[in-house]
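The values are calculated or read from the model by the stated rules, or taken from the named source; none is laboratory data. These figures come from a predicted structure and were not determined experimentally. Because the Cβ atoms are built from the backbone with ideal geometry, glycine has one as well, and the counts that use them run over all protein chains shown. The protein model used for the area step is the full one, side chains on, heavy atoms only, and it has no ligands, DNA or RNA in it. Shrake-Rupley method; radii C 1.70, N 1.55, O 1.52, S 1.80 Å.
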Amino acid sequence: FTSAFLQDKTVSMRKGEFPREKENDKTKGISLNYDKREHIFAGDNAFIVSDLVYENILPYWREFAAALKQFTPAFGVLPDDCESFFILRNVQLNAETIHLLRGALMNKPFHELRIMYTMDYTLRDDNDGHQDKYRRAMLVDAITALVQSNKYLRKLDMEGNLVPRDRIGKLCSSVCNHPSLL
C-alpha cells in the first residue's frame with residue numbers, strides 16, 4: 001500500500017470523480033485494497049515497520065480524508081439506479097487514521113460499506129500505550145457510527161475484523177435498527 005496509490009484516489013475525488021467503477025455494472029465508489037496475500041506489517045518487526053509506515057503515510061491519509069469530506073456533491077449527480085460503495089480491504093489502520101476516516105465518511109450516502117481485514121490479529125503495544133484491541137474497539141465504534149449516520153446503507157461487510165465482546169451488542173443493535181440495511 002503506497003502513498004502514490006492514496007494520492008491517485010485523492011486526485012480523482014478532487015476532480016469530482018469516483019475513483020473506481022465496475023464495468024457492466026451500475027456501481028461507482030472508492031476502493032482501497034492492498035491486494036497482497038500477506039499483511040504489509042507481518043513478521044517479527046511488525047511494530048517497528050508499522051510505526052514507520054504510519055508516520056510516512058499519515059499526511060496522505062489526511063489529504064485523502066479532506067478530499068472525501070468535500071466529495072459529497074458527487075453523490076448528487078449519480079443516476080438513481082447507481083449503487084455507490086466504499087471499500088477498505090487489507091489496509092491496517094492506526095488510531096489516527098481510523099479517526100480521520102470516521103470523520104470523513106460520516107453522513108456520506110454510500111449504499112455499500114466494506115471494511116475488511118483491517119486489523120492485525122496479534123496483540124502488541126504501540127508507542128502511545130494502546131493495544132490492538134483498543135484499535136479494534138475504535139474501528140467497531142467507527143463502523144457503528146457510520147451505520148447510524150447513513151440511512152442509504154444497504155450492505156455492510158466487516159469480514160476478517162475481530163469485534164470486541166463489549167462492542168457486539170451496540171453493533172448488532174445499530175444493524176438491526178437500520179432502516180435499509182440488508
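For the pair SER31 and ASP157, the difference between a 0.36 nm per residue extended length and the Cα-Cα distance amounts to 44.0 nm. Surface calculation, 1.4 Å probe, protein heavy atoms: THR10 sits at approximately 10 Å² accessible.
Spin-label model, HIS178/ARG165: points 7 Å from Cα along the beta carbon direction are separated by 2.6 nm. Database remark: amide H of ARG89 closer than 5 angstrom to the amide H of LEU32, ASN33, TYR34, MET116 (H placed geometrically; neighbours at sequence offset of 5 or more, or on other chains; Pro and chain starts carry no H).
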